[in-house]
Amino acid sequence: MKRHVERGIVRTVLQATASGRELIVEVNGKQELAFEESGVHHPLREGDEVLLNTTAVRLGLGSGGVHFVVVPLRHAEQDDALLAVARSAGHIMKLRYTPLQRAVHAVEEQDHPLHGLLHGRETLEGAQVVICELHSMLPAVVMTLQHLFAQAGDPRCRISYVMTDGAALPLAFSKTVSALQGQGLLHGTVTVGHAYGGDLEAVNLYSGLLAARHAMRADCIVVAMGPGIVGTGSKFGHTGIEVGQAVNAVHTLGGSPIVVPRLSFADPRPRHRGLSHHTLTALGQVALASAVVPLPDLEAEQNGQIFAQLTAANLHQKHRFVGVSGRSILDATTSFQVPLKTMGRTLEEDPAFFLAAGAAAEWAFRQIKRPPRHHSARSSTDALLADKN
């Protein structure tokens, strides 16, 4: 097991939010980027010496390109944030049996303020659930949905993001979620499994989906891991496999699973060209139930390659593939200013990837029952989320 732990000195505090801060730290005489999660220790100041986990950067991985602050190397002051966590009513541990384990107040717990909204709820009541493999699909889906609702003259869609633990565990690490919330495009977030930091915490994906539907009253739910998918290049050795598991969960709970296919004609790796082997495996061998898979309108040669891949894998026998334009994402980007980038590539550099996300949102929009205009009345759930934020 490789783990790189190094000392550093805080030189500059960059961006600061309620969820965490970006820092410039000096490590071995070099200025490097680090992330400090809030509530873990007393806020750092310039000149503080810290212990850093530098593993991902030293191995050249794509986990944000930053170090993570483990602990300050100085006498800790009284930390009100940590004391508040210690007094939390929650009894569900995340990051269990590690030095960083933490108690959260999971929505399933009987004394949670919203527990009553989940009691006896065992179905999603046909809710549309858009399932994404990569975190970079999330903003394209959300922006397209909100753009289409605005065009239709409807109140803004209540979209809940359910973040799995397939990649980054702290939701605070996602600049995308922060940007979406800052523009009012996400109604709320649920972190499931060992992921943490959402507006609501849930023990697993099933209860997290039910919380999004019934506690948050979501019109549409988007399921995706946080930033930083794990992959090895082998058929099953990647966390994108969870797409098939999410299809199964949504089906079991009586929802309508919509899968964003991972498409690219810009990725240099053959296994991700056209329809990614991740999607082929997740839908072909992991998903036991059927899902709708919207396909965007691409160039004829690209459409032909995707069709050949689907045919070779016999996916059409299990899932429903529908042709949808997907081009609404192009208009959505003019309405909302949330950056789109995947594996370092922009919308212009990898259009198929983002058009696929737009297509899934277009299909979900067609299926969602329009909420009545009085639906925007403030609820007790809204008040609780507003207090949390």
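The values are calculated or read from the model by the stated rules, or taken from the named source; none is laboratory data. The shown structure was predicted, so the numbers you read here are calculated from the model rather than taken from an experiment. Here the Cβ is made from the backbone with ideal geometry for all residues, glycine too, and neighbour counts use every protein chain on show.
Of all residues in segment 247-287, which are closer than 18 Å to Ala356 by Cα, assigned to a helix (DSSP H, G or I) and not hydroxyl-bearing (Ser, Thr, Tyr)?
Scanning segment 247-287 gives Val247, Arg271, His272, His277, His278, Leu280, Ala282, Leu283.
Of all residues in segment 98-107 being in a loop (DSSP other than H, G, I, E, B) and in contact with a Leu (Cβ under 7 Å, 6 or more places away or on another chain), which is surrounded by the most Cβ atoms within 10 Å (Cβ to Cβ)?
Val107
Out of segment 210-235, which residues are in contact (Cβ under 8 Å) with a residue 60 or more places away in the chain and not aliphatic (A, V, I, L, M)?
Residues satisfying the conditions are Arg213, His214, Arg217, Asp219, Cys220, Gly226, Pro227, Gly228.
If only one of Leu52, Leu33, Leu14 is surrounded by 17 or more Cβ atoms within 10 Å (Cβ to Cβ), closer than 24 Å to Ser174 by Cα and at pLDDT 85 or above, which one is it?
Within the list Leu52, Leu33, Leu14, the selection yields Leu52.
What is the residue count in segment 126-163 for residues that are buried (at least 24 other Cβ atoms within 10 Å of the Cβ) and in contact with a His (Cβ under 7 Å, 6 or more places away or on another chain)?
3
To keep it simple, each residue is scored yes or no on (1) assigned by TED's automatic domain parsing to the domain that holds Arg262; (2) under 24 Å from Thr333 (Cβ atoms); (3) in contact with a Ser or Thr (Cβ under 7 Å, 6 or more places away or on another chain); (4) of a type outside the set (Phe, Trp, Tyr).
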residue	(1), (2), (3), (4)
Met163	yes, yes, yes, yes
Pro170	yes, no, no, yes
Val177	yes, yes, yes, yes
Arg213	yes, no, no, yes
Asp219	yes, yes, no, yes
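Out of curiosity, is Gly184 surrounded by fewer than 21 Cβ atoms within 10 Å (Cβ to Cβ) and on the phi > 0 side of the Ramachandran plot?
yes
Please go through segment 185-226 and pick out each residue that is assigned to a loop (DSSP other than H, G, I, E, B), touching a Leu at 6+ places or on another chain (Cβ under 9 Å) and within 12 Å of Val107 (Cα to Cα).
Those that are assigned to a loop (DSSP other than H, G, I, E, B), touching a Leu at 6+ places or on another chain (Cβ under 9 Å) and within 12 Å of Val107 (Cα to Cα): Val192, Gly198, Asp199, Ala202, Met216.
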